[in-house]
Amino acid sequence: MKSEGQRMASSVKRILLPAIKRLGFTGSGVANFERSCGDHRDFLSIQYWKYGGSFILEFSRVASGWVDPGSGDAPSNVFDTESSVRKRLIDTTERRDFHGFSFKGFGDNQQAYDALASSVVALLPQVQGWLEDQIEGPNIH
């Protein structure tokens, strides 16, 4: 039997990752993505909560010069920068102690995981709006 984390990862791979790649992001894994455009680089990261049951989507735009020219890699603290550089996408349901995407309690209902991944895809235009024009959509924090 698959765990909730495995079921969510399956939905992310089938539904969310293709949408992220359509936005021009590349990455060899399932958690960290980037795209380059002349004077800047955009980063996007799917970060699962270490205790399971939820994840966040975080993104950032940095100047190309801010990236290590020797390795071509972003500094390890790309998401620890000031809030004008780093943003986090949250879902439409505000919870008392958590802002993110929760799949806790979905059990073996794969359709629920798929629906959650699809809801994140529906919010990606807000990510694009912030990265391109610094437009803070209602789910960008």
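The values are calculated or read from the model by the stated rules, or taken from the named source; none is laboratory data. Everything numeric in this text was worked out from a predicted model, so none of it was measured. Backbone-built Cβ (ideal geometry, glycine too); neighbour counts: all protein chains shown. Note: accessible area is taken over every heavy atom of the protein model, side chains too, but ligands, DNA and RNA are not part of it. Shrake-Rupley method; radii C 1.70, N 1.55, O 1.52, S 1.80 Å.
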* Selection status of residue 131, modelled with pLDDT under 80, under 28 Å from residue 11 (Cβ atoms) and open to solvent by less than 80 Å² (accessible area, probe 1.4 Å) -> no
* Only listed residue being modelled with pLDDT of 65 or more, open to solvent by 30 Å² or more (accessible area, probe 1.4 Å) and not β-branched (Val, Ile, Thr), chosen from 104, 87 -> 104
* To do: Enumerate the pairs (first residue in the stretch 118-141 and farther than 16 Å from residue 60 by Cβ; second residue anywhere and exposed (fewer than 12 other Cβ atoms within 10 Å of the Cβ) and hydroxyl-bearing (Ser, Thr, Tyr)) with beta-carbon separation below 9 Å, excluding pairs fewer than 6 apart on the same chain, so at least 6 apart or on different chains.
  => 119/92; 123/92; 138/92; 139/92
* Asked: Does residue 19 satisfy the criteria of being free of Cβ contacts under 8 Å to residues at least 60 places away in the same chain, under 13 Å from the mean Cα position of the chain (by Cα) and surrounded by fewer than 18 Cβ atoms within 10 Å (Cβ to Cβ)?
  -> no
